[in-house]
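Since the structure comes first, as structure tokens, the remarks are kept for the end.
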Amino acid sequence: MNRDEKKIMGLTTTSHGLVHLFEGVLPPLIPLLIEEFNSDYFQLGMVVTVFSYAFGLGSLPAGIFSDKIGPRRLVTLYLFGAGVLSVLIWPVTHLWTYGIIMGLVGLFCSTYHPASNALIALSVRERGKGFGIHGIAGSVGVAVVPVLSAWIGWALGWKAPHVIFGFLGIGVGLFSLTVPRPTITRGVSPTKGGAGPGPVQVSYLNLVVFFLSATALGLTYKGIMTFLPTYMGENVHLPFLNIDTVALGGTVATVALLSGAVGQYIAGRMVEEHMPEVLYLGALVMGTLFVLFMAMASDLWLVISAVIYAFFYFSTQPMQNYLISVYLPKRRQGLGYGIHFFLTFGVGSTAAAVSGYLADRFGLKAVFYAMALCFVASCCLATFLVIRARSRMKAQQG
């Protein structure tokens, strides 16, 4: 990578980790928030849904604006907007005020994913590697936020994680102002399999099936991540750690989710050398199995199942980002990522409230069984993409 590419990767990786701190700050605090606001799982699931709808719904216009005004500017907008609003949570005393601010934070965060992925797709020559590194930063953010939020909240109160993450956002926003606007690179590495470089012939059927698969996977992400720290705190018992269930759940969830960064790295390295559709399907099948194991396990077996689940789930992200980059022409990259994150984070956020209802009515294990069904749907759709890719390969070879 040249100097500009390294600076762009520095901004996007830092910002990616941070966006998942903003996104994941609430779930580890659920036990504290239930006590603070005299609420329940469903009400707090609704707050997560408000954030996530804004996080997802804003992605579609963000993708369009990214193609028009440049992705780096949108990254800067996200950093300052989400940072300032998070600091403003400090004086909040009512649940509805908290929900409104979280929704606005989600709206500013919504500009990030379409902009950053378009920035990498247009500016970094080794796209698979770039998406892998970028994905690792996101996975680390997802992994560490349970323990950071839980321990800070336990020690300093539930508002402190929001404020600390807000100041971090403002600081990275100042750095973003030093990053130059990108120049579009022309060379890309060849790939084996169903997707490749060169002029893109858009298959709208492939895109529809891919986006439906991604939507089903987005449901699993929000449903599982909303209640994973609480579920871990209730079902993992470590007598040698003399801490409450909030800190325990966040700590164990972080340990499990760190494997997602490894999955991101390996997938990013493999996706340009193998048929991406096949890799995607394989990761989905393994994710399905280990979500079911999580629903049935406890203690050490639950931790092991969560570690393997996180590895395969997060490995799908660089695969998805790479598939979009080769399914669509360069002039539509921002729009493609906007649609993708609108569906995965916006429509997918419905799972937070639904999972809250299931948890109140049937217990937290029911959430994982329901999310396994969404995984199965995503697998079926990905199978269709594999069949299409193989048919295309045979036609090209014949």
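Values quoted throughout were computed directly from the atomic coordinates according to the rules given, and no laboratory measurement underlies them. These numbers come from a predicted model, not from an experiment. Cβ atoms come from the backbone with ideal geometry, glycine included; neighbour counts cover every protein chain shown.
Is it possible to state the helix-based mean residue ellipticity at 222 nm for the chain, with each DSSP H run of 4+ residues giving -39500 (n - 2.57), the sum divided by total residues, to the nearest 500 deg cm²/dmol? What is it?
-26500 deg cm²/dmol
Normalized C-alpha radius of gyration of region 1-128, against 2.2 N^0.38 Å?
1.17
For a quick check, take a GNM of the chain with Cα springs below 10 Å and name the residue from SER66, SER39, SER52 with the largest mean-square fluctuation.
Looking only at SER66, SER39, SER52, the biggest GNM fluctuation is shown by SER39.
What ³J(HN,Hα) values, in whole Hz, does the Karplus curve 6.51 cos²θ - 1.76 cosθ + 1.60 give for region 22-31 when θ = phi - 60°, with x put for Gly and Pro?
Each residue of region 22-31 in turn: 4, 5, x, 5, 6, x, x, 8, 3, x Hz.
If I fit a long axis through the Cα atoms of helix 350-362 and take the longest principal axis of the Cα atoms of the chain, what angle between them do I get, 0 to 90°, rounded to 10?
Helix 350-362 and the main axis of the chain meet at about 40 degrees.
Measure nothing but the geometry: give the 0 to 90° angle between the long axis through the Cα atoms of 259-270 and the longest principal axis through the Cα atoms of the chain, rounded to 10°.
The angle comes out at about 0 degrees.
Quick one: among THR316, THR288, THR383, which has the greatest mean-square fluctuation in a GNM of the chain with alpha-carbon springs under 10 angstrom?
Highest fluctuation among the options: THR383.
Around LEU174, what is the net charge, scoring Lys/Arg as +1 and Asp/Glu as -1 over all other residues with Cβ under 15 Å from its Cβ?
+3
If each of TYR204 and ASN38 carries a label point 7 Å out from its Cα toward its Cβ, how far apart are those two points in nm?
So the two model labels end up 5.5 nm from each other.
Relative to the Cα centre, what is the charge dipole magnitude of region 3-397, using +1 at the beta carbon of each Lys and Arg, -1 at the beta carbon of each Asp and Glu, and rounding to the nearest 20 debye?
For region 3-397, the charge dipole is close to 1740 debye.
Taking 7 Å along the Cα-to-C-beta vector as the label spot, tell me the ALA366-THR97 distance in nanometres, rounded to one decimal.
Result for the modelled spin labels: 3.4 nm.
Which whole number in µm²/s is D for region 1-57 by Stokes-Einstein, with the Kirkwood Rh taken over Cα pairs at 4 °C and 1.567 mPa s?
Here the translational diffusion coefficient equals 96 µm²/s.
Identify, among THR97, ILE133, PHE167, the residue whose Cα sits farthest towards the positive end of the charge dipole of region 3-397, taking +1 on the Cβ of Lys and Arg and -1 on the Cβ of Asp and Glu, with the dipole about the Cα centre.
Ranked along the dipole, the leading option is ILE133.
Give LYS68/LYS129; LYS129/LYS365; LYS6/LYS68; LYS68/LYS394 a once-over and call out the pairs whose C-alpha atoms are over 31 Å from each other.
In this structure, LYS129/LYS365; LYS68/LYS394 exceed 31 Å between Cα atoms.
Using only Cα atoms and rounding to the nearest 10 degrees, what angle (0 to 90) does helix 364-397 make with the longest principal axis of the chain?
In the chain, helix 364-397 runs at an angle near 0 degrees to the longest axis.
Among ILE89, ILE387, ILE170, whose mean-square fluctuation peaks in a Gaussian network model of the chain (Cα, cutoff 10 Å)?
Of ILE89, ILE387, ILE170, the Gaussian network model singles out ILE387 as fluctuating most.
Which ³J(HN,Hα) values, rounded to whole Hz and listed in residue order, are derived for region 209-224 from phi using the Karplus coefficients 6.51, -1.76 and 1.60 in 6.51 cos²θ - 1.76 cosθ + 1.60 with θ = phi - 60°, glycine and proline given as x?
In residue order, the calculated couplings are 5, 4, 5, 5, 4, 5, 5, 4, 5, x, 4, 5, 4, 6, x, 6 Hz.
Once label points are set 7 Å from the Cα along Cα→Cβ at both VAL262 and HIS274, what is their separation, rounded to one decimal in nm?
1.6
Any idea what the alpha-carbon Rg over 2.2 N^0.38 Å comes to for region 3-397?
0.93
Name the residue farthest towards the positive end of the dipole of region 3-397 from the options ALA295, SER203, PHE51, assuming +1 on Cβ of Lys and Arg, -1 on Cβ of Asp and Glu, about the Cα centre.
SER203
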